[in-house]
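Here's the structure we're looking at; comments come further down.
The values are calculated or read from the model by the stated rules, or taken from the named source; none is laboratory data. All values derive from a computational prediction rather than experimental measurement. In this analysis, Cβ positions are derived from the backbone assuming ideal geometry, glycine residues included, and neighbour counts consider all displayed protein chains. Surface accessibility is based on the protein's heavy atoms, side chains included, excluding ligands, DNA and RNA. Shrake-Rupley method; radii C 1.70, N 1.55, O 1.52, S 1.80 Å.
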Amino acid sequence: MVKKKYIAPNLITAGNMFLGYLSITESIKGRYDMAIWFIILAMICDGLDGKTARKLDAFSEFGKEFDSFCDAISFGLAPSMLVYSILSSSVPTGVFTLPVSFIYALCGVMRLVKFNIINVASSEKGDFSGMPIPNAAAMVISYYMICTAIQKNFDLNLFDINIFIGITVISATLMVSTIPFKTPDKTFSFVPKKLAPILIVVIIATLKYSIFIVSFTYVILNLISYFNSRFFPESSSDKPEVEEFIEVIEED
């Protein structure tokens, strides 16, 4: 008998998968805008199922595996099909259409497998090895989304198929890399908590533009942190000492 506390988070996870499935069907029909919005809604479900599980203390190995399988569809296959459809319509005879779209899906699945191997079902949210797959999906869909919005509102065509391919390949590569990525709350910890609600409202209100800015900023900040710790380890090791010194001053 399944305990009631597990039902709600797993239903939300199933909703994530359903939205990913709908996105795939929209990509096949050539309705790219709808396909993108279904992926965005799937991201909301992906965030809600974790919060619900933490609130109900409903963590399980089944839930972890179920979440990863659903993520593979919503943030792996769905963006992959979107990429395939866009490339097929833009460059009908392009030789990169199938390889680029498949590589993204493959790297997404590999990233989720790696995540499940090195993590256990827990309420603790640790840092990631490689870029989380929802942000990879956000990078891919946001470029097309912002270019479409700019063309509609300002009559400027900024969409470039080569840039689109490049973003897809880079996001796929970052997913299977060993570069550490902090959780979003740690990455954007410099944002004052008092301003967070206002910032969230602004992001939602300007989602067609903000999702591009937020997803790429997340990557850039984590890459800067990684290369800084790799090539300037002494500056990274000095940070705790500096923080301790500041705390001592404040206490005095």
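Figures for the structure shown
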item: Nearest-ten-degree value, helix 7-29 long axis tilted from longest Cα axis of the chain; result: 40
item: Sequence of R111, R230 when ordered by accessible area, the most exposed leading, probe 1.4 angstrom; result: R230, R111
item: Accessible-area composition of the chain, carbon plus sulfur, in percent [1.4 Å probe]; result: 69
item: Virtual spin-label span in nm between L98 and N157, 7 Å along Cα→Cβ; result: 2.8
item: Amide proton proximity set for R31, modelled H, under 5 Å, gap of 5+; result: none
item: In sequence order, calculated HN-Hα J values of the stretch 186-199 (Karplus, 6.51, -1.76, 1.60; Hz; x Gly/Pro); result: 6, 4, 9, 5, 6, 6, x, 4, 5, 8, 4, x, 5, 5
item: Residues of the stretch 76-196: accessible area per residue with a 1.4 Å probe, Å²; result: 52
item: Helix-only mean residue ellipticity at 222 nm for the chain, each DSSP H run of n ≥ 4 adding -39500 (n - 2.57), per residue, nearest 500; result: -25500 deg cm²/dmol
item: Listed residues F188, F212, F227, most fluctuating in the chain (Gaussian network, C-alpha, under 10 Å); result: F227
item: Extended-chain gain in nm, criterion 0.36 nm per residue less alpha-carbon gap, E61 and I170; result: 36.2 nm
item: Reported label for calculated Rg and Dmax of the Cα atoms in Å given [x] 19.7, 70; [y] 19.4, 57; [z] 19.0, 63; result: [x]
